[in-house]
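The structure appears below as structure tokens.
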Amino acid sequence: MSTGKEKEKIDSGNQPDEKKISDEYKIWKKNAPFLYDVVMTHALEWPSLTVEWLPDKLIQKDKDYSVQRLILGTHTSDNEQNHLMFAEVRLPLEDTEIDARKYEEKNGYGGYNGVSGRLEIVQKINHTGEVNRARHMPQNPNIVATKTANALVLIFDKTKHPSKPPKSGVSKADLTLEGHKKEGYGISWSPRKEGMLLSGSDDHLVCYWDINAQAKSGSQTLQATGTFEKHKDVVEDVAWNPHHEHLFASCGDDKLLILWDTRSKKPQHEISAHTAEVNCLSFNPFSEYLFVTGSGDKTVALWDYRNLGGKIHSLENHEKEIFNVAWCPFQESILASCGADRRVNIWDLSKVGNQQSEEDAEDGPPELLFMHGGHTDKISDFSWNLNEDWMIASVADNNILQIWQPTDNIYTDDDPATAEAK
């Protein structure tokens with residue numbers, strides 16, 4: 001799997017590509033007023049390999065915006081200090097009047113919306129090495145797990161850390177999880193059982209911990225509650241099945257998708273899922289049977305637990321490898337994927353097989369609902385907002401964070417803007 005680290009190795013001789021990217025961005029910016037209800041662009045000080053919305057939403061009296069929060073991380077260079085970061089974002093309320101034709105750009109911000117001072121980093125916590133991935137515990141969003149540039153998984157309780165980090169640069173995690181031998185990216189909190197955490201790494205291992213055990217022992221270090229060995233290469237991602245307490249899945253560079261039960265060391269199912277490495281997976285929050293995988297073969301595969309003999313559909317439109325895939329939190333048939341082609345695609349499985357005109361078919365398959373083209377570099381992560389339907393935050397290798405929400409005629413009718421988006 002390609003990561004933000006590859007940024008340092010990019011050949012600077014790609015001038016034709018740079019011109020193409022620049023031209024595409026200009027077209028996107030010109031069309032953006034017709035395609036989005038909200039677009040916010042923020043230039044971070046350093047690239048973030050991770051982004052995730054927190055579930056809370058604060059609405060203050062007499063304000064035309066809500067305040068919501070994001071988790072971010074840093075991937076610095078030249079031995080600069082890394083941080084786990086929390087940002088507050090001001091988002092316009094639904095009835096806020098926005099002049100979508102007016103693009104505002106100021107101090108590294110840009111966007112089509114009516115709210116000033118839109119994003120602020122409100123807390124930085126010292127972190128050892130870059131933050132490969134950061135995810136909050138669903139049952140207590142103040143608890144955040146991070147994957148590090150070494151073999152450790154760190155747990156932070158944001159309420160126990162100051163808003164500004166100590167200048168010493170010392171990282172003081174509230175709990176250190178041991179069990180891996182190498183770094184990685186895959187991490188997943190159980191939505192059904194508080195404190196259960198899964199992790200996959202470059203050492204071919206899947207580990208899981210019950211962090212409630214730390215409360216009993218009082219130790220600042222916790223060994224893995226269990227390990228699962230079957231992958232023959234890097235484990236890229238892991239995910240709990242949200243409908244079953246003991247079931248989870250893992251995927252990796254060996255092209256395998258493996259389904260597990262924590263009560264057994266042996267896999268339930270082992271599937272050769274793609275023709276290239278499998279970088280990401282996601283379980284549908286509404287259907288206990290459906291899940292998806294994203295791959296270096298540029299496709300997203302749809303799977304059904306009831307028939308694992310082969311994928312039931314392949315979503316094809318990305319031009320390069322896929323880094324992340326996630327189901328929409330509010331509608332069963334919707335999911336999104338991002339990748340090295342600088343795009344976040346939103347898919348609607350209810351449209352699979354719909355008839356298309358030749359012109360529409362040139363823009364992609366009928367299930368491709370929307371293509372976000374606002375980034376000019378590889379997209380390492382994205383996150384669906386849990387409070388605002390259709391809103392996504394995405395981060396790219398060139399330090400850019402974008403928060404965006406397609407206009408509602410994209411998903412309510414066959415408006416011509418849809419074709420422009422694609």
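List the residue pairs whose Cβ atoms are under 7 Å apart, where the first residue sits in the stretch 44-56 and is assigned to a strand (DSSP E or B), the second is open to solvent by 10 Å² or more (accessible area, probe 1.4 Å) and of a type in the set (Asp, Glu), and the two are 6 or more positions apart or on different chains.
Filtered contacts from the stretch 44-56: no entries.
Results for (1) in contact (Cβ under 8 Å) with a residue 40 or more places away in the chain; (2) farther than 21 Å from Ser380 by Cα, shown as yes or no for each residue.
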| position | (1), (2) |
| --- | --- |
| Val234 | yes, no |
| Asp237 | yes, no |
| Asn241 | yes, yes |
| Arg263 | no, yes |
| Ser272 | no, yes |
| Ser282 | yes, no |
| Phe286 | yes, yes |
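Which of the residues belonging to the stretch 381-403 are open to solvent by less than 10 Å² (accessible area, probe 1.4 Å) and either in a loop (DSSP other than H, G, I, E, B) or in contact with an Asp or Glu (Cβ under 9 Å, 6 or more places away or on another chain) (or both)?
Scanning the stretch 381-403 gives Asp381, Asn385, Met391, Ala393, Ser394, Val395, Ala396, Asp397.
Starting from the stretch 295-310, keep only residues that are over 14 Å from Ala336 (Cα atoms) and basic (Lys, Arg), then list their pairs with residues that are modelled with pLDDT of 95 or more and surrounded by fewer than 18 Cβ atoms within 10 Å (Cβ to Cβ) whose Cβ atoms are within a distance under 6 Å, requiring at least 6 positions of separation or different chains.
Arg306/Tyr289
Scan the stretch 34-46 and tell me whether some residue there is more than 12 Å from Leu401 (Cβ to Cβ), open to solvent by 20 Å² or more (accessible area, probe 1.4 Å) and not charged (D, E, K, R).
Yes: the stretch 34-46 contains one or more residues that are more than 12 Å from Leu401 (Cβ to Cβ), open to solvent by 20 Å² or more (accessible area, probe 1.4 Å) and not charged (D, E, K, R).
Which of the residues that make up the stretch 57-84 are touching a strand residue (DSSP E or B) at 6+ places or on another chain (Cβ under 8 Å) and either outside any strand (DSSP E or B) or over 20 Å from Pro138 (Cβ atoms) (or both)?
Listed by number, the residues that qualify are Ile59, Gln60, Asp64, Tyr65, Ser66, Val67, Thr74, His75, Thr76, Gln81, Asn82, His83.
Just give me the residues in the stretch 55-81 being crowded, with 20+ Cβ neighbours inside 10 Å and among the hydrophobic types (A, V, I, L, M, F, W, C), in sequence order.
Leu70, Ile71, Leu72
Does Val278 meet the test of being of a type in the set (A, V, I, L, M), under 16 Å from Val206 (Cβ atoms) and either surrounded by 16 or more Cβ atoms within 10 Å (Cβ to Cβ) or in contact with an Asp or Glu (Cβ under 8 Å, 6 or more places away or on another chain) (or both)?
Working: of a type in the set (A, V, I, L, M): yes; under 16 Å from Val206 (Cβ atoms): yes; either surrounded by 16 or more Cβ atoms within 10 Å (Cβ to Cβ) or in contact with an Asp or Glu (Cβ under 8 Å, 6 or more places away or on another chain) (or both): yes.
So Val278 passes the test.
Checking Val122 against (1) modelled with pLDDT of 95 or more; (2) open to solvent by less than 30 Å² (accessible area, probe 1.4 Å); (3) of a type in the set (A, V, I, L, M, F, W, C), which test does it fail?
(2)
When you scan the stretch 121-173 for strands (runs of 3 or more DSSP E) that lie fully inside it, which ones turn up with 1 or more residues that are among the hydroxyl-bearing types (Ser, Thr, Tyr)? Don't jump to the end; show me each part of the working.
Working: elements: 133-137, 140-147, 153-157.
The qualifying strands (runs of 3 or more DSSP E) are 140-147.
When the stretch 197-247 is examined, which residues are found to be part of a loop (DSSP other than H, G, I, E, B), open to solvent by less than 40 Å² (accessible area, probe 1.4 Å) and under 26 Å from Ala276 (Cα atoms)?
The initial filter retains those residues of the stretch 197-247 that are part of a loop (DSSP other than H, G, I, E, B), namely 201-204, 211, 218-220, 224-225, 230-234, 241-246.
Then drop every residue that is not open to solvent by less than 40 Å² (accessible area, probe 1.4 Å), which leaves 201, 203, 211, 224, 231, 234, 241-242.
Those that are part of a loop (DSSP other than H, G, I, E, B), open to solvent by less than 40 Å² (accessible area, probe 1.4 Å) and under 26 Å from Ala276 (Cα atoms): Ser201, Asp203, His231, Val234, Asn241.
So Met371 passes all but one of these: (1) part of a strand (DSSP E or B); (2) of a type in the set (A, V, I, L, M, F, W, C); (3) over 21 Å from Ile21 (Cα atoms); (4) open to solvent by 10 Å² or more (accessible area, probe 1.4 Å). Which condition number does it fail?
Of everything listed in (1) part of a strand (DSSP E or B); (2) of a type in the set (A, V, I, L, M, F, W, C); (3) over 21 Å from Ile21 (Cα atoms); (4) open to solvent by 10 Å² or more (accessible area, probe 1.4 Å), Met371 misses just condition (3).
Quick one: how many residues across the stretch 334-368 are open to solvent by 10 Å² or more (accessible area, probe 1.4 Å), outside any helix (DSSP H, G or I) and of a type in the set (A, V, I, L, M)?
Residues flagged as open to solvent by 10 Å² or more (accessible area, probe 1.4 Å), outside any helix (DSSP H, G or I) and of a type in the set (A, V, I, L, M) within the stretch 334-368 amount to 2.
How many residues are of a type in the set (Lys, Arg), in contact with a strand residue (DSSP E or B) (Cβ under 8 Å, 6 or more places away or on another chain) and open to solvent by 40 Å² or more (accessible area, probe 1.4 Å) if we restrict to the stretch 156-196? Reasoning before the result, please.
From the stretch 156-196, those of a type in the set (Lys, Arg) are 158, 160, 164, 167, 172, 181-182, 192-193; that's our starting set.
The next check asks that each one be in contact with a strand residue (DSSP E or B) (Cβ under 8 Å, 6 or more places away or on another chain); those that pass are 158, 164, 172, 181, 192.
Narrowing the set further to residues that are open to solvent by 40 Å² or more (accessible area, probe 1.4 Å) leaves 164, 172, 181, 192.
Summing the residues that are of a type in the set (Lys, Arg), in contact with a strand residue (DSSP E or B) (Cβ under 8 Å, 6 or more places away or on another chain) and open to solvent by 40 Å² or more (accessible area, probe 1.4 Å) in the stretch 156-196 gives 4.
Taking Lys265 and the conditions (1) modelled with pLDDT of 95 or more; (2) among the charged types (D, E, K, R); (3) in contact with a Ser or Thr (Cβ under 9 Å, 6 or more places away or on another chain), which numbered condition does it fall short on, given that it satisfies the others?
Failed condition: (1).
The values are calculated or read from the model by the stated rules, or taken from the named source; none is laboratory data. None of these values were measured; they are calculated from a predicted model. Neighbour counts run over all protein chains shown; Cβ positions are idealised from the backbone, glycine included. In case anyone asks, the SASA skips ligands and DNA or RNA and just uses the protein heavy atoms, side chains included. Shrake-Rupley method; radii C 1.70, N 1.55, O 1.52, S 1.80 Å.
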